[in-house]
1. Under 5 Å between amide H atoms, partner at least 5 residues away or on a different chain: which partners does H119 have, H built in plane at 1.01 Å?
2. How big is the dipole moment of the chain about its Cα centre under a simple scheme where the beta carbon of each Lys and Arg is +1, that of each Asp and Glu is -1, and everything else is neutral? Debye, nearest 20, please.
3. Using the Cα atoms of the stretch 28-193, I'd like the radius of gyration and the largest Cα-Cα distance, Dmax, both in angstrom.
4. So, by mean Cβ neighbours within 10 angstrom, what's the order for 195-204, 150-159, 28-37, 167-176 with the highest one leading?
5. How much length would be gained if the chain were fully extended between E153 and S27, taking 0.36 nm per residue of separation minus their Cα-Cα distance, in nm to one decimal?
Amino acid sequence: MPLTSPDRPPDPVRQLSLFGAEAADPSVADLAGLLAGPGEVSRMGGTARLSIVLDAAWRVHVLVAELSRRGIAATWEATPDGRHLVRTSYASTLAPLALAWLRDPPTAGEVKRPPAGFHLNGRRLRLWVAAAGTADPPGFLLRLGAADEHCREPAGAALAAVGLPAVLLDAQAGGPAYRITGRRRLARLADLIGDRPPAAPAADWPAAP
């Protein structure tokens, strides 16, 4: 599948948000946005690998390009249920992410949970939207990992801290996901994550009203 760049140059007239996706250079730390959603991280020795299952091909284009911008190579493959698995190689550059997000509970293997002080910014939110954001008129959904119960409360608090208080939906209501509603909050989300990648359908990317 041919890959295209997820970004176009920002509008020079538009004022950049202090916490927006364009306010700083991309970094590996931004991948915490994928882990706030359904992304997974695993470690092996002094290295780690990130993987995420996506529901649409356009998300593959965007995320592989975003990973490349951070110096991380990734591959993808189709899953038996018609989705797409994006996975990086094991790399030492991802080890700090795994160290921060993986914990060993008393009775099972490692569990993903946000580290103390976890926060969101435009770059992290952009990756979360690209991986698992979807329009849910009149609002917008940010999907969570199905079994990531330890991530839900910290993710909600981090959304609220950047001006995006959201409602947590359970599986019966179409979740697990956070739903953002309201004209001002949706405009805030659009401002934070920046311009729509060319590969993303307009209906699936938040836009300022």
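Rule-based calculations on the coordinates, nothing more; no lab input. Please read these numbers as outputs of a predicted model, since none were measured by experiment. FYI the Cβ positions are ideal-geometry reconstructions off the backbone, even for glycines, and counts take in every protein chain you see.
1. none
2. 280
3. Both quantities, over Cα of the stretch 28-193: 15.3, 47 Å.
4. 28-37, 150-159, 195-204, 167-176
5. Going from the current span to full extension adds 42.9 nm.
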